[in-house]
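Q: Next up is a structure, given as structure tokens.
Read-outs throughout are calculated quantities, based only on the coordinates presented, and are distinct from any laboratory measurement. Remember, it's a predicted structure, so these values are computed and weren't measured experimentally. All Cβ positions, glycine included, derive from the backbone under ideal geometry; neighbour counts span all protein chains shown.
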Amino acid sequence: MPPSDAPPVRARAAALRRWFDTAAEAPVESGDGRRVDWLRALPFVGLHLACLGVFWVGVSPTALIVAAALYAIRLFAITGFYHRYFSHRTFRTSRAVQFAFALIGASSVQRGPLWWAAHHRSHHRHADTPADPHSPREGFWWSHIGWFLTRERFRTDLTRVPDLAGYPELRWLDRYDTAVPVALAAALWVAGALLERYAPALGVSGGQLLVWGFFVSTVVLFHVTVTINSLAHRYGRRRYDTADDSRNNLWLALLTFGEGWHNNHHFFPGSARQGFRWWEIDTTWYGLRLLALLGLIRDLKPVPDWVLARGRR
Ligand SMILES: [Zn+2]
Ligand SMILES: [Zn+2]
């Protein structure tokens, strides 16, 4: 059967199965891999719509603190581990710590660690060429969110992450990439319901912690993360003449815990640090230094002197 003739029912059933199991077999797909796979993306759309729940559940200081804390902890797991550890191997750690932060990262609804690292390595290799998964040369919305929802970017190319593919626990997180987010959402709902019952003065409910702590926090975290794909290749200064369009941008660096020093990073991705100068605020780097002090990670790769000397300012 020619690929484009896959029965629609079978194709739809496969899209639904892949909500829960990314290894579920897909019918042979035709050449429109760059179109958004709306059926599979439905939960992601729902994630955004669920933020409207704030009008029903109300708000409390506790809900805002939980949302902010989950934003910060999960952003750090994405920047420090999904990015600087899994994608670029800029420091070393134990298997237990590796798994712990992979788990926190997986709760961010940005797919599993292998998927994330494989696509990110592809980005560095092909940055701002037609083979780049998310270059803003193809439009803001494509680089920000479109690429993430297409068929051609659904699979994890394990040949790009041979160093990670040997860990069954990471493979599991990658395959069942909705399991951890669903568990977090459920835990927040239960915690909120318990607080409502035993600490009613806080004004919290299950629905409130679910909406603020999971939906709002996750959606903000997602859009902040992908500004590095969309905005940090457009707006800011270029210290290094890299072949791509990457920029250094203080505002994005503040928002993303240091990832806004993106021109630095494209010039030399091998350092655990992305703010190369002392005034380039890099919160992830401070967090990694703290983890190293605590003995949880080690061998943080520095910025070599020749890299500093090559920079314009
Ligand atoms: Zn980039
Ligand atoms: Zn990178």
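Q: About the Cα centre of segment 163-248, how large is the charge dipole given +1 on each Lys and Arg Cβ and -1 on each Asp and Glu Cβ? Please answer in debye to the nearest 20.
A: Charge dipole, segment 163-248, about its Cα centre: 300 debye, nearest 20.
Q: Report the one residue of 120, 59, 207 whose Cα lies farthest in the direction of the positive end of the charge dipole of the chain (charges on C-beta: Lys and Arg +1, Asp and Glu -1; origin at the Cα centre).
A: Value: 120.
Q: Under a 10 Å cutoff between Cα atoms, tell me which one of 67, 24, 199 has the largest fluctuation in the Gaussian network model of the chain.
A: Highest fluctuation of the listed residues: 199.
Q: Take the chain, connect every pair of alpha-carbon atoms lying under 10 Å apart with a spring to form a Gaussian network, then pick out the residue of 162, 136, 181 with the largest mean-square fluctuation.
A: Sorting by GNM fluctuation, first place goes to 162.
Q: Suppose every Lys and Arg Cβ carries +1 and every Asp and Glu Cβ carries -1, with no other charges. What dipole size does segment 56-237 come out with about its Cα centre, to the nearest 20 debye?
A: Dipole of segment 56-237, to the nearest 20 debye: 400 debye.
Q: Under the definition of Cα pairs under 8 Å and six or more residues apart, what whole-number percent is the relative contact order of segment 56-237?
A: Value for segment 56-237: 31 percent.
Q: Tell me the Rg and the Dmax, in Å, that the Cα atoms of segment 56-237 produce.
A: Both quantities, over Cα of segment 56-237: 17.7, 56 Å.
Q: Then there is this: What list of ³J(HN,Hα) couplings, whole Hz, do you get for segment 229-246 from phi and the Karplus terms 6.51, -1.76, 1.60, once you set θ to phi - 60° and write x for glycine and proline?
A: 6, 8, 8, 6, 9, 10, 10, x, 9, 10, 7, 10, 7, 7, 6, 9, 9, 4
Q: Any chance you could check the Cα centroid distance between segment 80-158 and segment 248-306 for me, in angstrom?
A: Cα centroid of segment 80-158 versus Cα centroid of segment 248-306: 18 Å apart.
Q: Can you find, among 142, 194, 16, the residue farthest towards the positive end of the dipole of the chain? Put +1 on the C-beta of Lys and Arg, -1 on that of Asp and Glu.
A: 142
Q: Here's something else I'd like to know. Classify segment 12-87 as rounded, prolate or oblate, taking a ≥ b ≥ c as the square roots of the eigenvalues of its Cα gyration tensor: rounded when a/c is under 1.5, otherwise prolate if a/b is larger than b/c and oblate if not.
A: Since a/c reaches 1.5 but b/c is at least a/b, the shape of segment 12-87 is classed as oblate.
Q: Separate question: If you place +1 on the Cβ of every Lys and Arg and -1 on the Cβ of every Asp and Glu, how big does the dipole about the Cα centre of the chain come out, in debye to the nearest 20?
A: 600 debye
Q: Can you tell me how segment 1-131 classifies by the Cα gyration tensor, rounded, prolate or oblate, using a/c under 1.5 as the rounded cut?
A: Here segment 1-131 falls in the oblate category.
Q: If the chain were replaced by its equivalent ellipsoid, with semi-axes equal to the square roots of 5 times the Cα gyration tensor eigenvalues, what would those be, largest first, whole Å?
A: Result for the chain: semi-axes of 30, 27, 19 Å.
Q: Something else now. For the chain, what does -39500 (n - 2.57) per DSSP helix run (n ≥ 4), summed and divided by total residues, give at 222 nm, in deg cm²/dmol to the nearest 500?
A: Value at 222 nm, helices only: -14000 deg cm²/dmol.
Q: Determine the shape class of segment 82-134: with a ≥ b ≥ c the square roots of the Cα gyration tensor eigenvalues, call it rounded for a/c under 1.5, and otherwise prolate if a/b is greater than b/c, oblate otherwise.
A: It is oblate, given that a/c is not under 1.5 and a/b is not larger than b/c.
Q: Enter the per residue convex hull volume of segment 138-276, computed from alpha-carbon coordinates, in Å³ rounded to the nearest integer.
A: 168 Å³
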